[in-house]
Amino acid sequence: MIKQSLPAVSTLTSETLEEFKTADKVVLVAYIDADDKASNETFTAVANDLRDSYLFGATNDAALAKVEGVEAPAIVLYKQFDEGKNIFEEKFDKEAIEKFAKTASIPLVGEVGPETYAGYMAVSSIWQY
């Protein structure tokens with residue numbers, strides 16, 4: 001319910017980014033130029049579809065992107081486990097971003113239980129040898 005009460009994509013600034021990165025176990029932040037309407041629309045569409053599962057934020061501050069080691073357009077998935085973050089490095093495509101979010105948000109090693117079983121099974125085909 002809390003995720004539904006927030007906007008699909010929260011607008012982030014240098015003052016709010018650090019707090020947002022730890023607002024949930026997994027958050028996705030897009031670093032997109034203000035005039036890049038196609039990437040903005042694609043990210044917003046993903047956020048609308050997956051807002052029950054993740055928090056989404058975006059900024060058009062190029063300096064913030066540089067600090068995070070990315071160049072717009074980029075998406076960084078911040079997580080409170082494993083390596084702490086993953087960077088989306090493919091073309092801004094709705095299906096590719098959704099696959100990235102679902103795959104990168106699952107711990108590489110973790111306990112399988114009622115809360116995690118569905119997530120592991122959803123990405124199991126991606127992790128096949």
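Values in this text are rule-based calculations from the coordinates and carry no lab data. Values in this document were obtained by computation on a predicted structure and should not be read as measured data. Cβ sites come from the backbone with ideal geometry, for glycine too, and all protein chains shown count toward neighbours.
Of the trypsin sites (Lys or Arg not before Pro) found in region 24-117, those in coil by DSSP whose Cβ has at most 15 other Cβ atoms within 10 Å are K25, K91.
Loop-resident chymotrypsin sites (Phe, Trp or Tyr not before Pro) (DSSP state other than H, G, I, E or B) in region 31-92 with no more than 13 further Cβ atoms inside 10 Å of their Cβ: F81.
The GluC sites (Glu not before Pro) of region 2-93 meeting both criteria, a DSSP state outside H, G, I, E and B (loop) and at most 15 other C-beta atoms within 10 angstrom of the site's C-beta, are E15, E71, E83, E89, E90. Indicate the gyration tensor shape class of region 31-108 (rounded, prolate or oblate), computed on the Cα atoms with a ≥ b ≥ c the square roots of the eigenvalues: a/c under 1.5 is rounded; otherwise a/b larger than b/c is prolate and the rest oblate. Oblate, because a/c is 1.5 or more while a/b does not exceed b/c.
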